1. Suppose all protein chains stay in the model; what accessible area per residue would a 1.4 Å probe give for segment 23-138, in Å²?
2. Can you spot the aspartates and glutamates whose alpha carbon is less than 14 Å from Lys27's alpha carbon? Ignore those fewer than 8 places along the same chain.
3. Which shape class, rounded, prolate or oblate, goes with segment 36-126 when its Cα gyration tensor gives a ≥ b ≥ c as root eigenvalues, a/c under 1.5 marks rounded, and past that a/b bigger than b/c marks prolate?
4. Taking the Cα centre of segment 45-138 as origin, sum charge times position over the Cβ atoms of Lys and Arg (+1) and Asp and Glu (-1), and report the length of that vector in debye to the nearest 20.
5. Can you list the lysines whose alpha carbon sits under 20 Å from that of Lys83, skipping same-chain ones fewer than 8 residues off?
6. Could you look at segment 30-70 and say what percent of its accessible area is carbon and sulfur, using a 1.4 Å probe and all protein chains?
7. By how many nm would the segment from Lys27 to Tyr104 grow when fully extended, if each residue of separation counts as 0.36 nm and the alpha-carbon distance is taken off?
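The values are calculated or read from the model by the stated rules, or taken from the named source; none is laboratory data. A quick note: this is a predicted structure, and the numbers were derived from the prediction, not measured. A quick note on method: Cβ atoms are made from the backbone with ideal geometry, for glycine too, and the neighbour counts reach across all protein chains shown. Just so you know, the surface numbers come from the protein's heavy atoms only, side chains and all, with ligands and any DNA or RNA stripped out. Shrake-Rupley method; radii C 1.70, N 1.55, O 1.52, S 1.80 Å.
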Amino acid sequence: MSKLFAAICMFCTFSCSTFSKYASGTKTEKCFDAYVCIINDSLNLKYQSYGGFKFADNPRVYRKIHTGKNPRFKNIIVYGQSKLLKGDYYLLLNNRKYPNTYQYKDTIINKKKITIALSRSVNYQTNTDFLLNFKLDK
């Protein structure tokens, strides 16, 4: 019985991951001035963000940023949190969950749905507009 329990736990650990299999291929690099580009070549994704965010592309880094909390979404490509902007966002693959505490923008790249989920707590409308109204390189 204990072997079965261990097998089930391992299955859930690896198959129920909150981060997408594409997340490990995500890079962040300085674009210019105070901006960061988030790039994922496998998804043909390039997203421009403000600098000053802490980014996570795996559960271990996420838990460092968000001590003891689990992500709000599944299929995360990257997560960003900014104390200065008082909020966070997720880039998601094939999102199906839309809680009211976030605002969203969906787009399709290479037949894959990419969603930005931006917390409603982000201060100033100009920040919200910038982070939601991005252009994805296809």
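1. Ligands and nucleic acids excluded, the result is 57 Å² per residue.
2. Asp41, Asp57
3. It comes out rounded by the Cα gyration axes.
4. About 340 debye.
5. Qualifying lysines at Cα under 20 Å: Lys30, Lys54, Lys64, Lys69.
6. That share works out to 47 percent.
7. Between Lys27 and Tyr104, full extension yields an extra 25.5 nm.
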